[in-house]
Each structure stands twice: as C-alpha cells, then as structure tokens.
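The values are calculated or read from the model by the stated rules, or taken from the named source; none is laboratory data. Here the structure is a predicted model, which means the values were calculated and not measured. FYI the Cβ positions are ideal-geometry reconstructions off the backbone, even for glycines, and counts take in every protein chain you see.
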Amino acid sequence: MSHWPRFFRVHQKFDAPVVNDVVRATIETLGKLDLRQRVKPGESVAITAGSRGIAHIAEILKAVVEHFKQLDARPFIVPAMGSHGGGTAEGQLKVLRGYGITPEFCGCEIRASMETVAVSQAAEGFAVHFDKHAFEADHVFVAGRIKPHTRFAGEIESGLMKMMLIGLGKHEGAKIYHRAIVNHSFDQIVRSVAREVLDRCAVCGGLAILENAYDQTAKIEAVAPECFETREPELLIQAKRWLARLPFERADILFLDHIGKEISGAGMDTNVVGRKWNDHEALEHETPKVKRICVRGLSPATHGNAIGLGLAEFCLTRVIDAMDVNVTRINSLTGSHPTAGMIPFDYPNDVEMLEAAVQTVGLVEPDGLRILWSQDTLHLGEIECSEAYWEQAQQRDDLEVLVSPRSLPLSESGLLPDFVGLSPKSQ
C-alpha cells in the first residue's frame with residue numbers, strides 16, 4: 001500500500017445500566033433466597049469460580065463467602081472451568097489468582113483438583129462428571145455470568161446451567177459433553193446434564209451476573225436451583241440486549257489488539273465479529289460481516305492460550321511467539337473446535353500485515369478501505385474507524401467523535417501503538 005487511510009475515534013453510546021455497589025447488591029439478592037432454610041450451621045458449601053474475566057468477580061465471590069459464613073456454614077471455592085489453565089489444578093489456580101481470587105482476599109480455602117466423580121448416566125448414555133471437592137461438599141453454590149455463547153444458540157447458552165456441565169465437569173466432563181453436543185445439540189445436552197446435577201449434587205442456589213456493553217456489572221440476581229432452567233432464558237434475553245457491538249455492520253478489515261480467554265471463551269467473541277457458525281465468514285443472517293481479522297497480540301491474562309487465533313486470517317509474529325501451543329491445543333480439542341487453535345499467516349509488523357490483508361478484500365482503493373480497530377471484543381466503548389466511515393458516522397446519534405480523521409503514528413519498525421495508548425488525551 002502506498003499509504004494508509006486516515007482514522008478517527010468514536011465513543012459508542014450504549015444503553016448501559018450499572019450496579020454501582022456490587023457487594024451490597026450481592027448481599028441483598030442472596031438474602032431473598034433465604035438460604036438458611038437449605039444450609040445448616042457447620043455444613044460445607046462449594047462456591048464456583050470460573051475462568052472468564054467478569055467485572056468485580058473477586059469482590060462478588062467474597063460477598064458470597066461472607067454470606068455463607070453468616071449462616072455459620074463452611075464455604076470454600078472450587079475452580080469451575082473445563083480445560084482452561086492447561087487442564088491442571090495449578091494452572092486453574094493461576095487463572096483465579098490473575099482475577100484476584102485468592103484465599104487471603106476471599107476469606108476461604110480454594111480447593112483445586114481435576115479429579116471428578118461420575119455421579120450418574122445421562123439419558124444420552126454417557127457418564128455425568130462432577131468436581132470431586134464440590135461433590136463431597138454438603139452444598140454447591142453456582143456463580144457465573146449469563147451471556148450469549150460463542151458457538152451455540154438457544155434459550156440457554158452461557159450461564160449457570162453451562163457452569164454445572166463444563167465448569168464443574170472439569171476437563172474430563174468437558175471433553176465428553178462437547179463430543180455429545182456434536183451428535184445431539186447444545187440445548188439438549190446442557191438441559192440433560194444440568195438436570196442430573198441438580199438431582200444428585202446438592203446445588204443450593206446460584207448467582208447470575210449480567211454485564212453491560214462497557215464490561216460493567218449491570219445486574220446481579222440470586223436464583224433458586226429449581227428456577228435455573230426457567231429463569232436463565234429470561235436473563236439471556238436481557239444479556240443479549242446489553243451486548244456490545246461493533247459500530248458498523250460491514251468491514252473489510254478488523255484489527256484486534258488482543259484476544260484471550262478472559263475476553264471470551266473463544267478468545268474473541270464471535271457474537272461481536274459475526275463468526276458464530278463459520279470461522280471465516282458470517283452467514284447470510286449474521287452481522288457484522290467482516291472480511292478479514294488481524295490479531296496483534298495475546299492478553300497477559302490468557303497465559304498463552306491462543307484459542308480463537310484460528311478465526312483470524314492474519315496476525316503479528318509476536319502472537320505466535322507468545323502462544324502456549326500445548327495449552328491452546330488442549331482447550332481447542334476439549335471444545336471440539338480444533339480450527340480455533342490454528343495459526344494464520346503472520347507478519348513482523350502492522351504495515352506488512354495490512355498490506356497482505358488488503359490484497360484479499362477486493363477492488364478497494366486505500367481511501368475507501370473500511371477498517372475498524374479495537375482493543376478487543378469485550379471493550380468496545382471506543383473504536384478507531386477508517387475515514388471511509390466518516391460520513392456515516394456523522395449521521396449517527398449513538399456515536400460521539402472523539403478524534404477527527406488523522407494519520408496513525410507508526411514506529412520505524414512499522415508497528416502501531418497499543419490501542420489504549422492511542423487515546424484522545426495523547427493526541
């Protein structure tokens with residue numbers, strides 16, 4: 001390319017309710033469950049902690065722990081994640097530490113193990129696995145975020161029900177359930193296994209967390225176990241309304257500074273990039289329609305897990321250098337999605353990567369290229385947009401222009417600065 005297009009930065013105005021005091025909200029909603037009727041003094045309670053980057057998750061879990069302590073129960077935390085952390089207990093403890101979830105902060109023990117108990121047979125004929133420490137507890141309390149799944153669509157997607165399968169099923173259960181989903185459907189398997197867990201594993205309640213488009217806590221609601229299957233679909237509808245989106249429905253190229261497991265279970269949120277059912281192209285009914293995705297880095301909190309890289313067509317070489325191949329393979333194979341861990345074409349700098357991408361998007365002049373650049377698929381409040389979007393942006397009430405079109409600064413080695421570093425304050 002003889003020259004890059006100019007870019008401008010916008011702020012997206014989303015409908016975004018927010019919970020200002022997550023601790024107080026957690027305590028208040030837990031009080032409505034009247035858990036004293038279920039949990040007796042001296043009884044143990046296993047509280048789940050997942051692998052997603054949920055806002056204020058350490059503070060929320062600490063409040064849950066304190067609530068059970070006030071009931072004179074004995075709470076402890078269990079890592080509830082399938083193959084994240086390399087499918088090892090120590091790896092999963094490392095993930096939790098990265099979120100600030102530690103015994104010292106939460107005020108209770110964390111019991112990590114990959115050992116499971118086969119509690120029953122599902123109707124489809126496979127064993128139902130459940131975390132050994134959780135199974136041995138008198139009660140299990142499930143805490144997790146409700147949001148659209150990155151690969152499956154239905155009344156139930158990611159949330160409390162899925163946590164009882166993939167999270168508490170650990171690596172062994174996650175492998176079996178994802179294989180079963182290939183033969184049946186996500187909806188069938190999640191309902192089938194969750195019903196077995198609810199019948200046999202002493203689940204005393206759950207805490208549903210919803211987030212707004214700015215990655216802030218929007219709603220916290222305690223749910224009784226007998227209501228999981230009916231309440232979760234209602235909460236999912238709300239979560240979908242609050243999901244962040246890209247500002248435009250079509251793009252030639254999307255630059256992402258980072259992908260990572262704390263950003264999305266798929267590394268990048270396929271609901272955001274429009275690739276929920278096909279790794280490299282949006283289906284006819286899907287938006288947005290992004291021709292090419294370029295990945296610039298892995299997030300520190302993903303600990304080398306590069307799942308989702310296979311959804312991109314191009315990346316910087318430093319992404320591959322930071323990739324933990326074994327961890328990525330384990331996660332991709334466990335989820336029955338081997339292509340998610342495949343390696344795209346890599347380049348040493350942004351200039352060469354963009355030049356390669358431009359060759360594949362059709363007959364478009366540089367000034368007409370529709371390019372979007374974001375920190376990742378979770379933080380979409382601010383987006384860099386190429387000048388081809390300028391007139392369209394001027395007509396949008398939901399977009400506020402923060403920086404007018406200007407040339408992007410490139411280093412001598414052809415690299416862009418980090419998205420966050422290129423803030424309006426630094427202009």
Say we look at segment 196-242 and pick out the residues that are over 22 Å from Asp21 (Cα atoms), of a type in the set (A, V, I, L, M) and not in a helix (DSSP H, G or I); which of these is farthest from the chain's Cα centre (by Cα)? Ala202
Check segment 379-391 and report whether any residue there is surrounded by fewer than 12 Cβ atoms within 10 Å (Cβ to Cβ) and either out of contact with any helix residue (DSSP H, G or I) (no Cβ under 9 Å at 6 or more places or on another chain) or at pLDDT 95 or above (or both). yes
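Which residues, taken from segment 282-304, are touching a Lys or Arg at 6+ places or on another chain (Cβ under 7 Å) and at pLDDT below 95?
Scanning segment 282-304 gives Ala282, Glu286, Thr302, His303.
Which of the residues that make up segment 331-388 are β-branched (Val, Ile, Thr) and either over 26 Å from the mean Cα position of the chain (by Cα) or not in a loop (DSSP other than H, G, I, E, B) (or both)?
Scanning segment 331-388 gives Thr334, Thr339, Val351, Val358, Thr360, Val361, Val364, Ile371, Ile383.
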Would you point out the residue of segment 357-378, among those that are touching a Lys or Arg at 6+ places or on another chain (Cβ under 9 Å) and among the small types (Gly, Ala, Ser), that is nearest to Gly87 (Cα to Cα)? Ala357
Quick check on my filter: what residues within segment 243-264 are part of a strand (DSSP E or B) and surrounded by fewer than 19 Cβ atoms within 10 Å (Cβ to Cβ)? Arg250
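Answer yes if at least one residue in segment 347-357 is without any contact (Cβ under 8 Å) to a residue 60 or more places away in the chain, closer than 17 Å to Val290 by Cα and not basic (Lys, Arg), and no otherwise.
yes
Output the residue which, of all residues in segment 57-75 that are outside any helix (DSSP H, G or I) and surrounded by fewer than 22 Cβ atoms within 10 Å (Cβ to Cβ), is farthest from the chain's Cα centre (by Cα).
Ranking the candidates gives Asp72 first.
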Only one of these is over 18 Å from Asp138 (Cα atoms) and crowded, with 20+ Cβ neighbours inside 10 Å: Gly31, Gly50. Name it. Gly50
Suppose we filter Thr339, Thr328, Thr360 for residues that are surrounded by 15 or more Cβ atoms within 10 Å (Cβ to Cβ) and either in the same structural domain as Met114 (by TED's automatic domain parsing) or polar (S, T, N, Q) (or both); which single one remains? Thr328
Mind telling me which of the residues Lys170, Lys132 ends up being touching a Lys or Arg at 6+ places or on another chain (Cβ under 9 Å), buried (at least 21 other Cβ atoms within 10 Å of the Cβ) and either touching a residue at least 12 places away in the same chain (Cβ under 8 Å) or under 25 Å from Thr270 (Cα atoms) (or both)? Lys170
Of the residues Ile176, Ile156, which single one is within 23 Å of Ser332 (Cα to Cα) and part of a helix (DSSP H, G or I)? Ile176
